[in-house]
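The values are calculated or read from the model by the stated rules, or taken from the named source; none is laboratory data. Every value quoted in this text rests on a predicted model; they were computed, and no experiment measured them. Cβ coordinates were reconstructed from backbone atoms using ideal geometry, including for glycine residues, and neighbour counts include every protein chain displayed. The protein model used for the area step is the full one, side chains on, heavy atoms only, and it has no ligands, DNA or RNA in it. Shrake-Rupley method; radii C 1.70, N 1.55, O 1.52, S 1.80 Å.
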Amino acid sequence: MSDPQDLSGVWYGRYSADHGHEDNGFIALLEELNGAVTGTITEPDTDIGGIRRATVHGQRDGASLRFTKRYDGTHGWTHRVAYAGSVDAEGTLVMGSWIVEGLTGAFDMTREKFDAEALEDEEEAELLLSSSIGRGELGD
């Protein structure tokens, strides 16, 4: 049986600073293998426009998650940010905090998880519908 809290997938999130006006959205593409979490984060550069990119390296132990986000140098951003958070039981929400050079803040990220059986049922229904339309079985 697979772990519902496995972080592999696409996450949409936000972070904000406790003091100041740093507030931004991001997209994280994460991969988890035996608790080791790696991936990438892409976010808008709110200062000069464009995109910031960072790598993610961390660890999940049960519901507890810790990772470091390291910017790749784009637009002069090279620092590291430490994140700590908790994953909900369904594996669809992570909430926590971050710290960098004495600055702190909060973050959250969410994702949709798809039930393979529900997707197969939906695909079968669409195939039946398109087949009926193709044979002219549905009236005007």
Within the accessible area of the stretch 1-82 (1.4 Å probe), percent carbon and sulfur: 53
Modelling each spin label as a point 7 Å along the Cα-to-Cβ direction, I'd like the Asn34/Thr55 distance in nm, to one decimal. 2.0
In the stretch 1-105, the chymotrypsin sites (Phe, Trp or Tyr not before Pro) that sit in a DSSP loop and have at most 11 other Cβ atoms within 10 Å of their own Cβ are none
Added length on full extension, which subtracts the Cα-Cα distance from 0.36 nm per residue, Glu126 to Ala106: 3.0 nm
